[in-house]
Amino acid sequence: MADEEWSLADFEIGKVIGEGKFGKVYLAREKQSGYVVALKVIFKEKLKKYRFHAHLRREIEIQHSLDHPNVLRLFAWFHDQTRIFLVLEYAARGELYKMLKSLHHFSEKRVATYVASLASALVYCHKKHVIHRDIKPENLLLDVDGRLKIADFGWAAELQAHVKRQTMCGTIDYLAPEMVEKKAHDQSVDNWTLGILCYEFLYGFPPFEAEDQHDTFRRILKVDVVFPSSPYISPEAKHLISKLLVKDSSKRLSPQKILTHPWIVENADPSG
Ligand SMILES: Cn1ncc2ncnc(NCCc3cnc(NC(=O)Nc4cccc(C(F)(F)F)c4)s3)c21
């Protein structure tokens, strides 16, 4: 492995494509192969402050072991005196939440395709005992063909200063009831989050959004889901959401079952 040690000299650095509290993300090209990647820079100084070395090691171990079309690849990492570098797969169409903000909400076919991609990534991750991939719009990217990629920023990302959405700082919208109640949680929290995302992709806002956090917590614990009359959403889509936003985590539709739900079968684009 030693001879494969990368260094900054192996890359031509391009434009900034992302900002974070720990450092920036750059477009970069590996000089030998001409391969374009995303290069995430993390300043060790910042890491020390939050003592995240273990977290970063865990993230690198996990991300290095995952190989799925809907999970952003971490190809390699290296460091110098002051910085740690993550060599990541480049998702050319950027952050999914930016597209959601500009389109306000997505078509049922597009949503079913994203939900199917997320479900198949979760089937893969859960098989490898990797849970809680922190799937929220901020962590979802789109590759050159518009294919969805889960980028696991790790929970550290929530500490990042860039408040890309007003809910960014209070990202409690995605917490499952057992998380709110600080009970033990298992991989079924991801199924709940899929329900939140499906609702948010269809309507443009998460189901339990409220002025202040306490109301959101209350609405989560009550599973107080309201389906607005517009935009018109099919009963099948609402059926899937109501099978995911279930308080009893053991009764939530599993990712495998999501892939065979009629609304997904009828609307998802099989090419992902
Ligand atoms: C914006 N953008 N547009 C296109 C595009 N294509 C690819 N990637 C992009 N952005 C980077 C996405 C990331 C994937 N994995 C990450 N991982 C991480 O940031 N980890 C991390 C950070 C700080 C501290 C810690 C620590 F120490 F706490 F563990 C861990 S960031 C792109």
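The values are calculated or read from the model by the stated rules, or taken from the named source; none is laboratory data. Small disclaimer: the values here were computed from a predicted structure and weren't measured. We place every Cβ from the backbone using ideal geometry, glycine too, and count neighbours over all the protein chains shown. To get the accessible areas, we keep the full protein, side chains included, count just its heavy atoms, and leave off ligands, DNA and RNA. Shrake-Rupley method; radii C 1.70, N 1.55, O 1.52, S 1.80 Å.
In a DSSP loop and with at most 12 other Cβ atoms within 10 Å, the GluC sites (Glu not before Pro) in segment 207-272 are 211.
Carbon-plus-sulfur accessible fraction, segment 200-258 (probe radius 1.4 Å, protein heavy atoms only): 54%. Short to long, the 10 Å bins of the Cα pair-distance histogram for segment 89-138 hold 21, 48, 28, 3 percent of all pairs.
With 0.36 nm allotted per residue and the present C-alpha distance subtracted, the residue 222-residue 239 stretch has 4.3 nm of extension available. The Cα-based radius of gyration of segment 35-74, divided by its Kirkwood radius, gives an Rg/Rh of 1.04.
Explain nothing, just the number: relative contact order of segment 32-114, from Cα pairs under 8 Å at least 6 residues apart, as a whole percent.
Relative contact order of segment 32-114: 33 percent.
DSSP beta bridges fully contained in the chain are about 95 percent antiparallel.
Across segment 170-232, Cα pairs under 8 Å and at least six residues apart give a relative contact order of 35 percent.
Looking at segment 1-62, the chymotrypsin sites (Phe, Trp or Tyr not before Pro) that sit in a DSSP loop and have at most 16 other Cβ atoms within 10 Å of their own Cβ are 6, 35. For residue 92, the residues whose modelled amide H falls within less than 5 Å of its own, excluding neighbours fewer than 5 places apart on the same chain, are 144.
One quarter of the surface of the convex hull around the alpha-carbon atoms of the chain equals 14.9 nm², the direction-averaged projected area. Longest stretch of the chain clear of exposed loop sites (trypsin sites (Lys or Arg not before Pro), DSSP loop, at most 11 other Cβ atoms within 10 Å, sites excluded): 52-181.
For the pairs 24/182; 24/109; 44/183; 101/247; 136/183; 31/136, flag any whose C-alpha to C-alpha distance is greater than 30 Å.
Correct reply: 24/182; 24/109; 44/183; 31/136.
For segment 182-256, the solvent-accessible area works out to 49 Å² per residue, with a probe of 1.4 Å and every protein chain left in place.
So what is the relative contact order of the chain, in percent, for Cα pairs below 8 Å that sit 6 or more residues apart?
18 percent
The stretch between residue 250 and residue 131, if pulled fully straight at 0.36 nm per residue, gains 41.3 nm over its current Cα-Cα span.
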